[in-house]
Amino acid sequence: MAKNPNNHDGNSMHIGHAIQQLLNSYHIKAKFDEANLIGSWERLVGKPIAKRTKKVFIRNKVMFVELDSPSMKSELSFHKKEIIDLFQKEFGLDIIKELVIM
């Protein structure tokens with residue numbers, strides 16, 4: 001009989017799987033994923049960009065990033081695809097579809 005990796009002894013499951021089920025059952029997984037993505041902004045793009053970032057938020061799978069440096073806005077505009085790819089690699093393909101630099 002094959003073992004279920006999420007159900008080790010019939011009564012327990014891996015904590016990660018339990019949390020995912022909880023998030024899904026309360027329909028808050030998307031918000032949780034968005035909060036993780038926003039919280040990872042500095043780690044994924046680096047401190048120099050993060051220091052120039054005024055605001056990061058997500059609406060309908062579009063990430064909006066407000067920067068305080070016109071030159072940084074211009075530079076990041078050229079690298080939108082790479083930034084989206086970086087976040088999709090970390091969080092999955094469905095987390096964001098577009099990046100808007102403001």
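The values are calculated or read from the model by the stated rules, or taken from the named source; none is laboratory data. Computed from a predicted structure; not experimentally measured. Positions of Cβ are generated from backbone atoms using ideal geometry, with glycine treated the same way; all protein chains shown enter the neighbour counts.
If you check SER71 against the conditions, is it farther than 13 Å from PHE87 by Cα and either touching a strand residue (DSSP E or B) at 6+ places or on another chain (Cβ under 9 Å) or at pLDDT 80 or above (or both)?
Working: farther than 13 Å from PHE87 by Cα: yes; either touching a strand residue (DSSP E or B) at 6+ places or on another chain (Cβ under 9 Å) or at pLDDT 80 or above (or both): yes.
Yes, satisfied.
Within the range 23-37, can one find any residue that is modelled with pLDDT under 85 and either part of a strand (DSSP E or B) or in contact with a strand residue (DSSP E or B) (Cβ under 6 Å, 6 or more places away or on another chain) (or both)? Yes, that holds for at least one residue. Out of curiosity, is ILE95 in contact with a Phe, Trp or Tyr (Cβ under 7 Å, 6 or more places away or on another chain) and surrounded by 15 or more Cβ atoms within 10 Å (Cβ to Cβ)? So ILE95 passes the test.
Scanning the range 21-31 for residues that are surrounded by fewer than 15 Cβ atoms within 10 Å (Cβ to Cβ) and either touching a Leu at 6+ places or on another chain (Cβ under 6 Å) or not aliphatic (A, V, I, L, M) (or both) gives GLN21, ASN24, SER25, TYR26, HIS27, LYS31. Selection over the range 31-63 of residues that are small (Gly, Ala, Ser) and touching a residue at least 24 places away in the same chain (Cβ under 8 Å) gives a count of 1.
Only one of the listed residues (VAL56, VAL65) is at pLDDT 85 or above, touching a Ser or Thr at 6+ places or on another chain (Cβ under 8 Å) and either assigned to a strand (DSSP E or B) or of a type in the set (Val, Ile, Thr) (or both). That residue is VAL65. Among the residues of the range 88-101, is any free of Cβ contacts under 8 Å to residues at least 12 places away in the same chain and either charged (D, E, K, R) or closer than 13 Å to TRP41 by Cβ (or both)? Checking the range 88-101: at least one residue is free of Cβ contacts under 8 Å to residues at least 12 places away in the same chain and either charged (D, E, K, R) or closer than 13 Å to TRP41 by Cβ (or both).
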